[in-house]
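The values are calculated or read from the model by the stated rules, or taken from the named source; none is laboratory data. Bear in mind the structure is a predicted one, so any value in this text is a computation, not a measurement. Positions of Cβ are backbone-derived with ideal geometry, glycine not excepted, and every protein chain shown enters the neighbour counts. The protein model used for the area step is the full one, side chains on, heavy atoms only, and it has no ligands, DNA or RNA in it. Shrake-Rupley method; radii C 1.70, N 1.55, O 1.52, S 1.80 Å.
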Amino acid sequence: MWTLYEKKSLLKTIRKIPADVLRHYELWKRIVEHEGPQGLRLVKGFYDEALKGNWDGYRSSRLTKQWRVIYSVDKKVFEVFVIDINPHDYRR
């Protein structure tokens, strides 16, 4: 069993995201808590990848085509830290 922590400022973001994104995030959390981040590979829609550059050391999972959850993992103590949920900017 994994422990999932959410950044305090994330609560404000969660109130603003669309309902379908929130449902996907709740499913994402259940998978991570029971299976760990490797459990996300079993679900086709949660494309999970390591980030580069300024976000090196963090991971990103797709909640919908546009929305992502950004998190980090401490495998030694089975902890996941959710940093942000945001819409992906395709203009870059």
Q | Neighbours by Cβ (under 7 Å, 6+ apart or cross-chain): first from the stretch 54-66, basic (Lys, Arg); second assigned to a loop (DSSP other than H, G, I, E, B) | A | 59/51; 62/45; 62/46; 62/47
Q.
Of all residues being of a type outside the set (A, V, I, L, M, F, W, C) and within 16 Å of residue 75 (Cα to Cα) in the stretch 1-28, which is surrounded by the fewest Cβ atoms within 10 Å (Cβ to Cβ)? Just the residue, please.
A. 3
**Q.** Hey, residue 31 surrounded by 12 or more Cβ atoms within 10 Å (Cβ to Cβ), modelled with pLDDT of 90 or more, touching an Asp or Glu at 6+ places or on another chain (Cβ under 6 Å) and among the hydrophobic types (A, V, I, L, M, F, W, C) or not
**A.** no
Q: For the stretch 17-36, name all the residues that are more than 13 Å from the chain's Cα centre (by Cα) and not in a helix (DSSP H, G or I).
A: 17, 18
Q) Quick one: residue 38 ticks every box in (1) without any contact (Cβ under 8 Å) to a residue 60 or more places away in the chain; (2) open to solvent by less than 50 Å² (accessible area, probe 1.4 Å); (3) not small (Gly, Ala, Ser) bar one, so which box is it? A) (2)
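One line per residue, one yes/no per condition, for (1) modelled with pLDDT of 95 or more; (2) part of a helix (DSSP H, G or I); (3) hydrophobic (A, V, I, L, M, F, W, C):
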position	(1), (2), (3)
1	no, no, yes
11	no, yes, yes
15	no, yes, no
38	no, yes, no
41	no, yes, no
45	no, no, no
Q.
Just the residues that are touching a Pro at 6+ places or on another chain (Cβ under 9 Å) and either among the hydroxyl-bearing types (Ser, Thr, Tyr) or open to solvent by less than 50 Å² (accessible area, probe 1.4 Å) (or both), please, taken from the stretch 41-62.
A. 48, 61
Q | the stretch 63-92, subset among the basic types (Lys, Arg) and within 18 Å of residue 4 (Cβ to Cβ), residue most open to solvent (accessible area, probe 1.4 Å) | A | 76
